[in-house]
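So the structure is just underneath, and the comments pick up after that.
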Amino acid sequence: MNEKIDLTRIPNHIAIILDGNGRWAKSRNMPRIYGHRKGAFNISDICEYADSLGVKVLSIYCFSTENWKRPADEVKYLMSLPSRFFNHYKEKIRKSNIKIVFSGRRDRLSNKLNMLIDEIIDITKDHKGIILNVCFDYGSRDEIIRAIKKLVPDINSGKVNLPDLDSKTFANYLDTKDLGDVDLLIRTSGEERISNFLLWQIAYAEFYFTKVLWPDFSPAELDKAILSYQSRNRRFGGLKEDNK
Ligand code: IPE
Ligand code: IPE
Ligand code: MG
């Protein structure tokens with residue numbers, strides 16, 4: 001750990017758009033899926049390291065609702081990655097303190113993958129360490145529309161009183177309902193866009209963009225992101241202490 005990091009000001013919720021797997025593979029004259037494989041296995045190192053720093057929630061963007069547009073063989077491989085990853089790490093995960101949850105659509109995933117996701121959620125549900133929020137077939141606009149579809153029946157039945165509806169109540173209908181807002185959003189690979197990730201939850205997040213490609217993103221790179229975060233002045237629309 002970088003000794004300049006202030007352990008009393010670690011972001012609670014870090015979200016990562018893990019980008020650049022394809023370019024990482026291409027630069028090695030390897031097929032894109034080689035980068036996806038390397039990228040998937042990097043997640044466990046970063047998650048363990050984030051946990052050791054005291055990060056409470058790590059949201060990772062693994063497959064977007066838009067990624068279905070990719071060539072069929074790449075989509076097929078990306079769909080197989082959760083099974084490769086979780087079957088490899090299942091016993092380690094079971095013995096660990098990491099709690100794993102999922103955000104995103106479940107209706108377009110295979111039965112086999114849905115069963116595995118349910119199993120992983122179940123075996124980690126009482127774990128008290130970092131929460132790893134795996135965003136898979138996830139798109140923020142889709143999440144918000146699904147939230148509205150769950151909310152409307154509750155309004156119609158009187159469970160929610162429409163005039164009282166506020167952002168706190170609405171957030172309870174999102175996939176991330178127990179996870180809270182994002183404090184630090186990281187995107188690797190040099191792209192500086194959000195690509196439909198956690199639009200609601202990043203309202204007051206600090207952004208950190210790095211050219212490092214995801215398979216090369218190491219604990220030392222996470223340190224750099226956190227140091228940058230700790231140098232920011234978060235005002236949430238208010239004023240800095242010395243400007244009051
Ligand atoms: C990120 O890497 C992983 C996914 C989007 C699934 P990319 O596959 O987008 O890699 P680049 O951006 O093409 O290098
Ligand atoms: C965003 O990366 C999605 C994930 C990391 C899963 P993309 O590579 O798909 O995003 P764009 O197409 O560059 O915006
Ligand atoms: Mg990309």
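The values are calculated or read from the model by the stated rules, or taken from the named source; none is laboratory data. Treat the numbers as computed from the prediction; the structure is a model and nothing was measured. Cβ coordinates were reconstructed from backbone atoms using ideal geometry, including for glycine residues, and neighbour counts include every protein chain displayed. Surface areas here come from the heavy atoms of the whole protein model, side chains and all, with no ligands, DNA or RNA. Shrake-Rupley method; radii C 1.70, N 1.55, O 1.52, S 1.80 Å.
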ask   = Mind checking which of 163, 11, 82 has the largest fluctuation in a GNM of the chain, springs on alpha carbons under 10 Å?
value = 163
task = Take the chain, compute every pairwise Cα distance, and split them into 10 Å bins from 0; I just need the percent in each bin.
result = 7, 29, 36, 21, 7, 1
ask   = Can you list the residues, at least 5 places off or on another chain, whose amide H is less than 5 Å from the amide H of residue 198, using H built in the peptide plane?
value = 140
inquiry  = Using a Gaussian network model on the chain with a 10 Å cutoff between Cα atoms, which of 131, 123, 60 fluctuates the most?
reply    = 123
query = Can you give the Rg and Dmax of the range 71-175 based on its C-alpha atoms, in angstrom?
reply = 16.7, 49
query = How large are Rg and Dmax for the range 107-244 when only the alpha carbon atoms are used, in Å?
reply = 18.4, 57
task = List every residue whose amide H lies under 5 Å from the amide H of residue 206, counting only residues 5 or more places away in sequence or on a different chain, with H placed 1.01 Å from N in the peptide plane.
result = 184, 185
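Could you tally the net charge around residue 129, taking each other residue with its Cβ under 14 Å from the Cβ of residue 129, Lys/Arg +1 and Asp/Glu -1? Spell out each step's value before the answer.
Values: positive: 56, 92, 94, 95, 99, 125, 128; negative: 48, 51, 126.
Result for the neighbourhood of residue 129: +4.
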inquiry  = Tell me the carbon and sulfur percent of the accessible area for the range 125-196, rounded to whole percent, probe radius 1.4 Å.
reply    = 51 percent
Cross-link pairs beyond the 25 Å C-alpha cut-off, checked among 26/99; 4/240; 128/177; 4/125 = 26/99; 4/125
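What percentage of the solvent-accessible surface of the range 1-51, computed with a 1.4 Å probe over protein heavy atoms, is contributed by carbon and sulfur atoms? Don't jump to the answer; show the numbers that get you there.
On the way: 1280 of 2710 Å².
C and S fraction of accessible area: 47 percent.
Please give the calculated 222 nm ellipticity per residue for the chain, where each DSSP H segment of at least 4 residues contributes -39500 (n - 2.57) and the sum is spread over every residue; nearest 500 deg cm²/dmol?
-13500 deg cm²/dmol
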task = Using amide H atoms built 1.01 Å from N in the peptide plane, name the residues 5+ places from residue 18, or on other chains, whose amide H lies under 5 Å from its own.
result = 61
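Could you do me a favour and compute the accessible area per residue for the chain, 1.4 Å probe, result in Å²?
54 Å²
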